[in-house]
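Worksheet for the structure shown next.
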Amino acid sequence: MDLTTLLAATFILFSALGLDSVMHPRDIVLEADRAANLGQVYVTDTMLNAVMKAQTEEIFLTPSVVSKPVIRMSNQKGIGLSVIDALSLSKVADSLQGQLGYRPDRIALHLFSEGSTVKVLVTGYETRRWGTFEQEVAQVKDERVVSLVKRATIVAMATIDPYMTALNLMRRHIKDKDFKGSEDVIAFAKARLGTARINAERSMLENLEGMIALFRRDTPRANERFQSAMDSNPGNHVAILNLALTKLEMDKDADVEVLVSKMLKENPPADPVILATAHLTLSAAYLGLRQPGPADMAIAKAAALNPTNPTVLAAWAEVKQQIGDKAAATRLREQAGTVENQNEDYAEIAALYFSLSWEKGEPVLRIPFNSVTTAADTAEKTAPTAPQTATMTAPAKEAPPADTPAK
């Protein structure tokens, strides 16, 4: 290959890899296979891959403030790598990707049997922090192979993306309140984050702990966890708003007004859903302070930002009722009913699930309509639980300090 051809090929490689990097800022590559002999178990690699992909996609379908990765099977390539393959430059591309530090997250499930027990060897690579990991998951009594594969996928996802995994498991169990799976993943993830005072990842996990406490109607515990989440990351808007919700139930309306007003002035959220929730929360604080005029102005801003949210509309109806505008209150209640289950907000925001308590001594209650309940009801009834914290294997290499950036 002459110099001109080499330079042209290098340009194509960089351009192609750059295209994939832009279109796929974070990839998770999945792969599943089985041993040739599984006794009486008959399953294909195609089936295993389909189950694994569906389980992973379900986790990332959970509406969240965090960004979502691109999920692809190991035999799927991005546009850039497809171009490289067409030019027969795959080996050069692999070397170049390694030199550039590009390596997607990977999960592989290997199904095999020992005696009469089917097992899954879970292996993978998490790029940002933990490196390689490995764990064996054994079939339990009466467990179907499909459920075993789903459970093994959750074991892997607890390392690849513990936050989204815990959030999804929380949503699955809103009705039965069996949050042990979510709590196991949270505990496993927190144990590896170190003790640095400021840690954004820990803040998100602590916020989920507060959400679980709210579902259990343990407001003091929820208040403590949301406060910890805010201390771990003072810029966590969701934790601030969830803390405000618990303080409303504790009849600390003045504290809520100060907390939310300060956030809106000094560090307003850019996301319209979170911003709408801030104005909704501020409106409830004003009602508690017996200031219906400011409450009406705040809730109007929330409705302008999130006009199809039934919670916002119902809260605005309550404000109109306090002002004395009964006609507007009736109209807004009817409107809230017509948009029931049409709106999807973020699963880590407590105001999506609970009413904002502004009357003295009024408890925080589940709101009468929300799309999250519907989503949770449609989850598979036999959804696999997360692994016990004690059984989860530490990463193959020593983890870096909590705030060390990934290389």
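Condition check ((1) open to solvent by less than 10 Å² (accessible area, probe 1.4 Å); (2) closer than 22 Å to Leu169 by Cα; (3) at pLDDT below 95) across all residues:
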| residue | (1), (2), (3) |
| --- | --- |
| Ile107 | yes, yes, yes |
| Ser116 | no, no, yes |
| Lys119 | no, no, yes |
| Glu126 | yes, yes, yes |
| Val145 | no, yes, yes |
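Could you tell me whether Glu143 is outside any strand (DSSP E or B), without any contact (Cβ under 8 Å) to a residue 24 or more places away in the chain and in contact with a Lys or Arg (Cβ under 9 Å, 6 or more places away or on another chain)? Answer is yes for this residue.
Among the residues of region 184-197, are any aromatic (Phe, Trp, Tyr), at pLDDT 95 or above and buried (at least 22 other Cβ atoms within 10 Å of the Cβ)? Within region 184-197, not a single residue is aromatic (Phe, Trp, Tyr), at pLDDT 95 or above and buried (at least 22 other Cβ atoms within 10 Å of the Cβ).
Among the residues of region 147-177, the ones that are outside any helix (DSSP H, G or I), over 14 Å from Leu61 (Cβ atoms) and either touching a residue at least 40 places away in the same chain (Cβ under 8 Å) or in contact with a Cys (Cβ under 9 Å, 6 or more places away or on another chain) (or both) come to 3 in all.
Restricting to region 16-51, and then to whatever is at pLDDT below 70 and part of a helix (DSSP H, G or I), can you tell me which residue is most open to solvent (accessible area, probe 1.4 Å)? Step by step, filter region 16-51, then rank; the result is Val22.
Considering only residues that are of a type in the set (A, V, I, L, M) and closer than 17 Å to Glu126 by Cα, look in region 187-200 and name the one that is nearest to the chain's Cα centre (by Cα).
Initial filter on region 187-200 (of a type in the set (A, V, I, L, M)): 187, 189, 191, 193, 196, 198, 200.
Of the ones still in play, those that are also closer than 17 Å to Glu126 by Cα are 189, 191, 193.
On the way: Ala189: 13, Ala191: 19, Leu193: 17 Å.
Looking at the filtered set, the residue picked out is Ala189.
Collect the residues in region 127-140 that are under 20 Å from Arg106 (Cβ atoms), in a loop (DSSP other than H, G, I, E, B) and not charged (D, E, K, R), keeping them in residue-number order. Give the derivation first.
Step one: filter region 127-140 for residues under 20 Å from Arg106 (Cβ atoms), giving 127-137.
Imposing the further condition that a residue be in a loop (DSSP other than H, G, I, E, B) reduces the set to 127-130.
Correct list: Thr127, Trp130.
In this structure, is Asp255 in contact with a Lys or Arg (Cβ under 7 Å, 6 or more places away or on another chain) and without any contact (Cβ under 8 Å) to a residue 24 or more places away in the chain? Show your work before the answer.
Details: in contact with a Lys or Arg (Cβ under 7 Å, 6 or more places away or on another chain): yes; without any contact (Cβ under 8 Å) to a residue 24 or more places away in the chain: yes.
Yes, satisfied.
The values are calculated or read from the model by the stated rules, or taken from the named source; none is laboratory data. Here the structure is a predicted model, which is why all the values come from computation and not from measurement. Cβ sites come from the backbone with ideal geometry, for glycine too, and all protein chains shown count toward neighbours. Surface areas here come from the heavy atoms of the whole protein model, side chains and all, with no ligands, DNA or RNA. Shrake-Rupley method; radii C 1.70, N 1.55, O 1.52, S 1.80 Å.
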